[in-house]
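So the structure is just underneath, and the comments pick up after that.
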Amino acid sequence: MAELQFAAPETVNQAIKILGGAKGKGRILAGGTDLLVQMRSGRIEPGFIVDVKNIPELTEIKKEKNGYRVGAAVSGARLGEHKSVKKKWPGVVEALELIGSTQIQGRASLGGNLCNGSPAADSVPAMIAAGAICKIAGPKGRRTAKVEDIVTGPGKTSLKKGEFIISFLLPEKPKKSSEAYLRLIPRTEMDIAVVGAGVSLTLDNQGICTKARVALGAVAPKPVLVEEAGLILVGSKLDPDTLEKMASACRAACNPIDDMRGTVEYRTKVAGVLATRATQIAAERVRSGR
Amino acid sequence: MSKQHVTMTVNGDPVEVLCRADQTLLDCLRDEMGLTGTKEGCSTGDCGACSVTVDGRLVCACLMLGVEAEGRKIETIEGIGESEELHPVQRHFLEEAALQCGICTPGFIVAAKNLLEKNPNPTEEEVRYWLAGNLCRCTGYDKIIKAVLKAAEEMRG
Amino acid sequence: MAKVEIPIEVARKFTKGVTTHEVEASDLQDILISLDNDFPGIKEALNTGLAVAIDSSILQDWFLEEVEQNSKVRFIPAIEGG
Amino acid sequence: MTLQNGNGHNGNGHNGSGTSNGYKYVGTRPVRPDGVDKVTGRANFGADISLNGMIYGSVVRSPHAHAKIKKINFDKALKLKGVKAVISGKDFPTLKPSDKLPGVAPLSFYDMSRNVIARDKVLYDGHAIAAVAATTQAIADKAAKLIDVEYKILKPVMTAADAMKEKAPLLHDDLFTEGVDPTPKKASNIAKRTELKLGDPEVAMQSADFIVEGDYSTETVHQGYIEPHACAANFAQDGSVSIWASSQGAFMIRAYTARLCGMSTSKIKVIPAEIGGGFGGKTTIYLEPLALMLAKKSGRPVKMTMSRTEVMRATGPTSGGTAHVKIGAKKDGTLVAGTLELKYEAGAFPGSPVALGCMTGFAPYDLKDVACLGWDVVVNRPKAAAYRAPGAPVAAYAVESAMDELAHKLGIDPLTLRRKNSAKEGTKAVYGVEFDRIGNEDCLQAAQKTKHYNTPLGENQGRGVASGFWFNIGGTSSAEVMINEDGTVIVATGSPDIGGSRASMALMAAEVLGVDVSRIKPLVADTESVPYSDLTGGSRVTFATGKAVIDAAEDAIKDMKRRAAKVWKVDFDQVDWENGSAICIENDEIKPMSVADIAQIAGKTGGAISGKANINVTKGAGPGFGTHICDVEVDPETGRVTVLRYTAIQDVGTAIHPSYVEGQLQGGAAQGIGWALNEEYVYSKEGNLLNTGFLDYRVPVASDLPMIDTVLVEVPNAGHPFGVRGVGETPIVPPLGAVANAVSNAIGKRMTSLPMSPAKILQKIDAG
């Protein structure tokens, strides 16, 4: 393979130019915890590595009027240390913090986790549940897109040639809202999710659910927003019957594969279990005002 | 074979090294700088034997390119206990028999020292989850966790 | 007279399935020679892949060890360690 | 019998003030002599070596599980700038089936040579075919990809059950089943049949009131050492070779490499690097002959290191297999008969540890009528290598599961049932040997008295117990004890230290010499500094090499007493040795001479002082028994298992260095827990390994395990001056059964196959 080239631009436009010049062989490097593994195994052979960690827009966490903006290259460790983001979006932060070890946390980013395109990515169901919006830059300028519209299949995204994600907006939540993310792994750490479930919801003063989004990971070719499940929760007090109906909606939304990490039957069943438990945790977090 | 010139600080000393764009920080430390204390167990970020800190952040050196280290401060096992005295974590690993073959020990010591700098009074569970990325096949972890808790106790004074 | 036990596979092949034999011998080599007289070829079979137990101790590398009058001698699968 | 309770806290009460069993140094817990280098990163492991002019090797490995090699084309690789040499099977002597290690353990160099590098056939995914050396690792790896190999792909056969079928694809057309009479004419994948029998279990089984029977299966698992295999070789123009390697035996590396490269051992010097874990997996060779040949052809020193993927695909895991167990017992719990049939996958070449499984399965039990049948079956997987008590864990898993089922059926406490039938002094094992004084009963009693065993369980929780046994062996060891001019001591042996044995050697030398352990430096010597020594394995080193160190120390004392007698002008037998000094028996006015005193005048009294011992310890190795207790909680909705509590109890003879003995129990338990819950090789239909790294080959991580409490039961072994028994391998035997019984008791259903992944457990729960 030709000599690999590396650049660490300091502005978005410089990055766009370099990517454009790399004739399709360019790859964005944020944390690199997926990229380097795939390069070493030979699964990908990029010609040009564009390190975006020196571009302020991709590495800052800042409050905005309608939520928090998190740079695409911010590491899980850094986001985990940000008090107010962690308080308002516990689901997104715990999902990102579940990825790999402490060492992986020191590098892995929301942008990388999303653009790697793995159906089992941990942070993506949580971001979908939170309704996160990504800001994308590319040769034709900037645009925004919902997180659930980015991944189109295993390892594939809807980003066009030369585009990359700059940051994510975690939209402000109404009062008495919270969220949670759970995953099923055989060990207690270090595994890829066999099933992942993210739930974000809002309760009114009587404890009735007024808003809910449920997303699942590792149960379909890409992380999925299960609208039906959210609708079932809205209007209920999250009673056992409602939760069971919501769980069966989740099971219905699954079309997983058998692979060495899990079977179709197992993933489908556990998807319902985790969605139910995540809903209960999110509700508990609202009630306890956390 | 075009190599890039990278300047970084390693264990407090300024270092200049030439490395290819695809060369990991781990390869740079071991092959270019001769610092073989950082070990390779898997090259995929799953074993933690190559743990180092970059600007105080605990990472796997095998999952970072050498060229990314430009201008950064790297701490490896060789930088710990350099002075007369071993670091408390190193001493307690010895006293508590927290190592057998020792291939994972450098990674554990870098990770444990980093933990105690951030959390001087961790619970057993916090230590176990912080170190979950450092695999050990000889000890079953029991004495490693005890050594870290004892070191924390001593460092709290 | 040492009481000698040989493995079932070797017995099937050389001694029509009889596994225990009384052998007049003072060391292990005598046992092999004496058995080989009665059952030609058995010496080679007993010499590879088998350890020897004399009463309660197992000998991995055996050769000329003495055998007392009423010793119990047993040929058993060799033990390799991990 | 003294009970050293390392329960949860390894009490340092024994430091320096002598131990409970009356020794001054044995039983204390000094810091290991190799410790400081390891905690500072200075210790040099296999991959840390660098030599002047060194170049790098890379191996071409088969992407197919079973194929004939038609052609290997090196042209493109040789054109690449920086490539210095290429080799294939043709560069090595062709050995014959009769090329075997003489004597006992039938090690086939014929098979080993074809495993190290394929000749006409590749037999597993990852099988080495060729290798290339180049000035940088990157160029070598690139060159390896440019080597074209033409294959004729054959159908693979991956499990013992399939491989034993009539029309299964044959791996070797020159393999005829051993142990079957008459010797078959038709080649087969069944390499060997082993049968052990005591009494007549068929008849005895009829007298049983209760019979439990079951089929159990396990998967291929890997030792999982964190250090990949690594070595460097230098081939000088006079044909003399130096090899730096991390292994469990420098002499083993020398002997096997010489044989595969057609050289005399005198031409090869092996310098041991620190070994980053072995557990039996580094008791054979993979890279050394390749590095040697590449060094010879390139004229440059060659370094070769395996990637984790290469370690998983191509180095000896232990056999997966199936077990059929049947146990008959009276109503009062007395066992009357036991039968066990084991089928183990040997991998590409014959040699699974199935016979050892047969010998150990029922060993903890006093059974008069027992029969074990073992089948050694080749399959298209990497050749199995030893993994800590090879063969025993899978057999014990089946027997201990059946014992748990029997206890439930009879309504007897599982430990009481085991105590009632415990093997003890005089019990005859299935392989016909009567045990001396052994500690199985003592461990079962200790287990029953622990707080752990008497703590009530919560919901969805289960407790499992299991026993385990390993023979422990002796073997050939050599040691030299050198007294330096200042009275400090060097203890050199040929036994690589994989479990803390250097510390034990120093402690034993200290005890004999009466010199403080801090003045003793133990070291692992290269193959030209001490005479031949067997490899480290079989839990033999502290026992056998320990004995060599003791004999060598006594040899040194004899020399020192002779010199004291010369100085005091008394007869030799007038001199005795007491806590580190020569004393004159008849005349106590004469001031005793310490080691330092004698060493100071060594020059005047005959030159340097040293003691030597080259021994083959054929007798006296004391078997090790253990009992483990495991509590788990199972999530009924997801099948996930959490290990809540674990206690490992073992008869360790005399714990020379209690911390490292505890470490062996804790490490073995952790490996057993991984084996029981999550570890397995996953192959595709075409026979390619899918989980080739630590991401999907799931060894336990720190947050998976509780503290592993240990109880060291000390029943001294009469066959050793300090009562030493091997301790390293027994700890991995009980955990498979203990964890499986715990999970089975938590969900109320028998788990009959390992690993017990969450999906398998949930399926069992939902099966109603």
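From the list A:Gly91, A:Gly111, A:Gly20, A:Gly24, exactly one residue is loosely packed, with under 15 Cβ neighbours inside 10 Å and assigned to a helix (DSSP H, G or I). Which is it? Exactly one of A:Gly91, A:Gly111, A:Gly20, A:Gly24 is loosely packed, with under 15 Cβ neighbours inside 10 Å and assigned to a helix (DSSP H, G or I), namely A:Gly20. The residues of segment D:238-262 that are surrounded by fewer than 19 Cβ atoms within 10 Å (Cβ to Cβ) and either under 21 Å from the mean Cα position of the chain (by Cα) or in contact (Cβ under 8 Å) with a residue 60 or more places away in the chain (or both) amount to a single one, D:Gly262. Looking across C:Thr19, C:Thr15, C:Thr48, one residue alone is of a type in the set (Val, Ile, Thr) and free of Cβ contacts under 8 Å to residues at least 12 places away in the same chain. It is C:Thr48. Taking D:Ser298, is it within 14 Å of another protein chain (Cβ to nearest Cβ) and hydroxyl-bearing (Ser, Thr, Tyr)? When the stated conditions are applied, D:Ser298 does not pass them. Given A:Gly162, A:Gly141, A:Gly153, A:Gly106, which one is out of contact with any Gly (no Cβ under 9 Å at 6 or more places or on another chain) and outside the structural domain of A:Ala220 (by TED's automatic domain parsing)? Just a single option satisfies the conditions, and that option is A:Gly141.
Could you please let me know if B:Val17 is buried (at least 22 other Cβ atoms within 10 Å of the Cβ) and in a strand (DSSP E or B)? No, not satisfied.
Residues of segment A:1-40 that are closer than 20 Å to B:Cys19 by Cα and small (Gly, Ala, Ser): A:Ala2, A:Ala7, A:Ala8, A:Gly26, A:Ala30, A:Gly31, A:Gly32. Restricted to segment A:200-290, the set of helices (runs of 4 or more DSSP H) holding at least 3 residues that are under 23 Å from A:Pro186 (Cβ atoms) and of a type outside the set (Phe, Trp, Tyr) comprises A:240-253, A:264-287.
Output the number of residues of segment C:51-82 satisfying the condition of being in contact (Cβ under 8 Å) with a residue 40 or more places away in the chain and facing chain D (nearest Cβ under 7 Å).
At the first step, the residues of segment C:51-82 found to be in contact (Cβ under 8 Å) with a residue 40 or more places away in the chain are C:66-77.
Subsequent filtering for residues that are facing chain D (nearest Cβ under 7 Å) retains C:74, C:76-77.
So the answer is 3.
Within segment B:84-99, if we keep just the residues that are among the aliphatic types (A, V, I, L, M) and under 21 Å from B:Glu40 (Cα atoms), the residue that is farthest from the other protein chains (Cβ to nearest Cβ) turns out to be B:Ala98.
For segment B:59-98, the tally of residues that are more than 23 Å from B:Asn119 (Cα to Cα) and of a type in the set (A, V, I, L, M, F, W, C) stands at 7.
Looking only at segment D:644-662, residues that are farther than 19 Å from D:Arg32 by Cα and either under 19 Å from the mean Cα position of the chain (by Cα) or surrounded by 24 or more Cβ atoms within 10 Å (Cβ to Cβ) (or both) come to 8 in all.
Let's see how each residue does on (1) assigned to a strand (DSSP E or B); (2) crowded, with 17+ Cβ neighbours inside 10 Å; (3) at positive phi; (4) over 13 Å from the mean Cα position of the chain (by Cα):
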position: C:Asp30; (1), (2), (3), (4): no, no, no, no
position: C:Leu35; (1), (2), (3), (4): no, yes, no, no
position: C:Pro40; (1), (2), (3), (4): no, no, no, yes
position: C:Leu46; (1), (2), (3), (4): no, yes, no, no
position: C:Val52; (1), (2), (3), (4): yes, yes, no, no
position: C:Phe63; (1), (2), (3), (4): no, no, no, no
position: C:Asn70; (1), (2), (3), (4): no, no, no, yes
position: C:Phe75; (1), (2), (3), (4): yes, yes, no, no
position: C:Ile79; (1), (2), (3), (4): no, yes, no, yes
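When segment D:432-449 is filtered for residues that are in contact (Cβ under 8 Å) with a residue 60 or more places away in the chain and in a loop (DSSP other than H, G, I, E, B), the ones remaining, listed by number, are D:Gly432, D:Phe435, D:Asp436, D:Arg437, D:Ile438, D:Gly439.
Does segment D:49-68 include one or more residues that are without any contact (Cβ under 8 Å) to a residue 24 or more places away in the chain, assigned to a loop (DSSP other than H, G, I, E, B) and farther than 21 Å from D:Cys261 by Cβ?
For segment D:49-68, residues without any contact (Cβ under 8 Å) to a residue 24 or more places away in the chain, assigned to a loop (DSSP other than H, G, I, E, B) and farther than 21 Å from D:Cys261 by Cβ: absent.
Restricting segment D:382-416 to residues that are assigned to a loop (DSSP other than H, G, I, E, B) and within 12 Å of chain C (Cβ to nearest Cβ), which is farthest from the chain's Cα centre (by Cα)?
D:Ala384
Hey, among D:Gly624, D:Gly611, which residue is farther than 30 Å from A:Pro186 by Cβ and either modelled with pLDDT under 95 or within 14 Å of chain C (Cβ to nearest Cβ) (or both)?
D:Gly624
Tell me, please, whether a residue that is part of a loop (DSSP other than H, G, I, E, B) and under 29 Å from D:Asp497 (Cβ atoms) can be found in segment D:733-750. Yes, some residue in segment D:733-750 is part of a loop (DSSP other than H, G, I, E, B) and under 29 Å from D:Asp497 (Cβ atoms). Among the residues that make up segment D:680-693, is at least one of them assigned to a loop (DSSP other than H, G, I, E, B), in contact with a Ser or Thr (Cβ under 9 Å, 6 or more places away or on another chain), within 10 Å of chain B (Cβ to nearest Cβ) and closer than 20 Å to A:Ile185 by Cβ? Within segment D:680-693, one or more residues are assigned to a loop (DSSP other than H, G, I, E, B), in contact with a Ser or Thr (Cβ under 9 Å, 6 or more places away or on another chain), within 10 Å of chain B (Cβ to nearest Cβ) and closer than 20 Å to A:Ile185 by Cβ.
Yes/no matrix, rows are residues, columns are (1) within 7 Å of another protein chain (Cβ to nearest Cβ); (2) at pLDDT below 95:
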site	(1), (2)
B:Lys3	no, yes
B:Met8	no, no
B:Glu16	no, no
B:Leu26	no, no
B:Gly48	yes, no
B:Ser51	yes, no
B:Arg57	yes, no
B:Leu63	yes, no
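Determine whether segment A:267-276 contains at least one residue that is surrounded by fewer than 19 Cβ atoms within 10 Å (Cβ to Cβ) and not assigned by TED's automatic domain parsing to the domain that holds A:Val93. No, segment A:267-276 contains no residue that is surrounded by fewer than 19 Cβ atoms within 10 Å (Cβ to Cβ) and not assigned by TED's automatic domain parsing to the domain that holds A:Val93. For segment A:36-88, the set of residues classified as within 11 Å of chain B (Cβ to nearest Cβ), polar (S, T, N, Q) and in a loop (DSSP other than H, G, I, E, B) consists of A:Asn54 only. For B:Gly81, indicate whether it is within 7 Å of another protein chain (Cβ to nearest Cβ) and in a loop (DSSP other than H, G, I, E, B). In short, yes.
At least 2 residues being more than 24 Å from A:Ser200 (Cα to Cα) is the threshold, and among the strands (runs of 3 or more DSSP E) wholly inside segment A:116-166 those reaching it are A:133-138, A:141-146.
Quick test of your reading of the structure: B:Arg30 fulfils all but one of (1) closer than 30 Å to D:Gly668 by Cα; (2) under 16 Å from the mean Cα position of the chain (by Cα); (3) within 12 Å of chain D (Cβ to nearest Cβ); (4) not polar (S, T, N, Q). Name the failing condition by number. Checking B:Arg30 against (1) closer than 30 Å to D:Gly668 by Cα; (2) under 16 Å from the mean Cα position of the chain (by Cα); (3) within 12 Å of chain D (Cβ to nearest Cβ); (4) not polar (S, T, N, Q), the one that fails is (1).
Matching residues to (1) over 22 Å from the mean Cα position of the chain (by Cα); (2) more than 14 Å from chain A (Cβ to nearest Cβ):
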{"site": "D:Leu705", "(1), (2)": "yes, no"}
{"site": "D:Val733", "(1), (2)": "no, yes"}
{"site": "D:Leu736", "(1), (2)": "no, yes"}
{"site": "D:Ala740", "(1), (2)": "yes, yes"}
{"site": "D:Ile761", "(1), (2)": "yes, no"}
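Quick check on B:Val52: is it in the same structural domain as B:Pro14 (by TED's automatic domain parsing) and free of Cβ contacts under 8 Å to residues at least 12 places away in the same chain? Step through it out loud before you land on a result.
Details: in the same structural domain as B:Pro14 (by TED's automatic domain parsing): yes; free of Cβ contacts under 8 Å to residues at least 12 places away in the same chain: no.
Judged against the criteria, B:Val52 is not a match.
The number of residues in segment D:415-440 being touching a helix residue (DSSP H, G or I) at 6+ places or on another chain (Cβ under 6 Å) and either within 30 Å of D:Gly748 (Cβ to Cβ) or of a type in the set (A, V, I, L, M, F, W, C) (or both) comes to 6.
The values are calculated or read from the model by the stated rules, or taken from the named source; none is laboratory data. Fair warning: this is a prediction, and the values are worked out from it, not measured in the lab. Ideal geometry is used to build each Cβ from the backbone, glycine not excepted, and the neighbour counts take in all protein chains shown.
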